[in-house]
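See below for the structure under consideration.
The values are calculated or read from the model by the stated rules, or taken from the named source; none is laboratory data. Quick caveat, the model's predicted, so the values are computed rather than measured. No Cβ is skipped: glycine too gets one built from the backbone with ideal geometry, and neighbour counts run over all protein chains shown.
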Amino acid sequence: MTNLQNLTVEQLRKVVAIKEEIEGLEAKLAKIGGGARRGRPPGSGAAAAPVVRRRRKMSAAAKARISAAQRARWAKVKGLKAAPAKKVKRKRRVNAATRARLAAIARARWAKVKAAGKSTL
């Protein structure tokens with residue numbers, strides 16, 4: 001390509017006109033074919049929005065199975081006996097009588113708050 005500093009004003013104007021024509025034709029081509037282009041379309045300042053990928057969720061049971069299998073593999077490599085898998089603790093449950101007592105306490109607390117004219121504790 002020619003050095004732009006050695007061009008006359010008229011030649012520079014022609015270069016700019018040709019460049020604009022090329023960009024216009026590339027934009028038309030992209031509209032028709034939707035193919036890859038060298039640059040961004042004229043007048044677009046923002047880049048394309050990034051694609052957001054969701055993370056996959058794994059259940060606690062699946063994690064436990066995978067970790068137990070991995071411990072067994074390491075034990076085999078190290079020549080040890082496979083470690084037993086840990087037992088998963090279940091959530092503790094409250095019996096019906098305790099639950100009713102706690103609900104009554106909460107209702108009494110809220111009645112006291114509402115009597116004071118408040119809407120939050």
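On the basis of being within 30 Å of the chain's Cα centre (by Cα) and either of a type outside the set (Val, Ile, Thr) or at pLDDT 90 or above (or both), does Ala96 make the cut? Spelling it out, it is not the case that Ala96 is within 30 Å of the chain's Cα centre (by Cα) and either of a type outside the set (Val, Ile, Thr) or at pLDDT 90 or above (or both). Pairs needed: first member in the stretch 71-93, closer than 15 Å to Ala61 by Cα; second member anywhere, at pLDDT 85 or above and hydrophobic (A, V, I, L, M, F, W, C); C-beta distance under 8 Å; at least 6 residues apart or different chains. Matching pairs, first to second residue: Ala85/Ala64; Ala85/Ala68; Lys86/Ala64; Val88/Ala60; Val88/Ala61; Val88/Ala64. Restricting attention to the stretch 1-13, does a residue exist that is modelled with pLDDT of 80 or more, in a loop (DSSP other than H, G, I, E, B) and surrounded by 10 or more Cβ atoms within 10 Å (Cβ to Cβ)? Scanning the stretch 1-13, I find at least one residue that is modelled with pLDDT of 80 or more, in a loop (DSSP other than H, G, I, E, B) and surrounded by 10 or more Cβ atoms within 10 Å (Cβ to Cβ), so the answer is yes.
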